[in-house]
Amino acid sequence: MEGYGVAEEKYVVYARKSPAENKRESHSIDYQLDWAREEASRQRLVFAKGVGARYLKGEPQAVAPGAYIDEGAHGNALVRPALWQMIEDAKAHKFKVLMLYRGDRLTRQFTTKKYIIAALTQFGVRVIAGDNASGDLTLADITGVYGASELRVLKERTIRGVRKAAETKWVGRLPVGFRPNGKGVVPTEEARELFHSGQAIGILLTSPEAIKLKIRSVTSMNRMFANLRAYDAGRLDEHLDRHRPSRERRLREWQEREDRQEKELLKRLIDIIPSIRGVL
């Protein structure tokens, strides 16, 4: 990839790290930024000034000039303010090149990545991803790798992965007042204290334990107490099965949520650049 950059091209970096990547140095924000600077230097790119945004779990942080950073953000999340600021700045032609340590920093979803690359291409921005052999990441690179059958396989593998995870750990929303323990759950200390306090629920709702557990209503408190009684009787799974969606239903809901996110992303991109509709 060395030597084909244009001296006047201004570049920026987009970096992302999800909570699950905390232990991997290669996914650290500093590592991604250092890679981008070294690669840009080799390609004789010029650092774009006066742009950038940094967020930690959606909250604004001190800006690293020329870098758009979403820290603590999952790859399939739409709530990534730095990503959207980067797209808006691309539309305003504030830079010509976007550097990515890896293509999945944009998103881990195929369709979503295609939408974003299409938008950036429309803005005249070329994308350089460290894991793309040809250097620039284009729509052709993405669609050339994945056909319809491959996409179905990827989706099926993801679903199987979720099912496999359910064999060893809790999958789905945790009951209020419980924490994961292998593929099951156990009560938290705060839940036990509330359960054995003997005080009226109205009083308990203002306690530090209730606040920590985010219990704000009598209904939620009663539901937690019912779960605890079922747990102590050894019938928690049976009790929850009567009050929660089945595992297959949770998987369907997950798929529907993924589809909704893709539709919401496309709608937002079309609002930014209507002509993208003809590209996809």
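Cβ separations smaller than 9 Å between residues 6+ apart or across chains give the following pairs from region 104-133 residues that are within 22 Å of P81 (Cβ to Cβ) to residues that are part of a helix (DSSP H, G or I) and basic (K, R): D104/K113; L106/K113; T107/K113; A119/K91; Q122/K91; F123/K91; A129/R105.
Give the residue that is modelled with the lowest pLDDT, with candidates limited to residues of region 100-135 that are in a helix (DSSP H, G or I) and in contact with a strand residue (DSSP E or B) (Cβ under 7 Å, 6 or more places away or on another chain). Among those residues, the one meeting the criterion is G103. If you go through region 89-112 and keep only what is in contact with a helix residue (DSSP H, G or I) (Cβ under 6 Å, 6 or more places away or on another chain) and either crowded, with 23+ Cβ neighbours inside 10 Å or not assigned by TED's automatic domain parsing to the domain that holds A36 (or both), you end up with A90, M99, Y101, L106, T107. Suppose we filter E258, E209 for residues that are among the charged types (D, E, K, R) and at pLDDT below 90; which single one remains? Answer to the selection: E258.
Taking the criterion of being of a type in the set (D, E) and assigned to a helix (DSSP H, G or I), would at least one residue in region 73-93 satisfy it?
Yes, region 73-93 contains a residue that is of a type in the set (D, E) and assigned to a helix (DSSP H, G or I).
The values are calculated or read from the model by the stated rules, or taken from the named source; none is laboratory data. As the structure is a prediction and not an experimental result, all values here were calculated from the model. Positions of Cβ are generated from backbone atoms using ideal geometry, with glycine treated the same way; all protein chains shown enter the neighbour counts.
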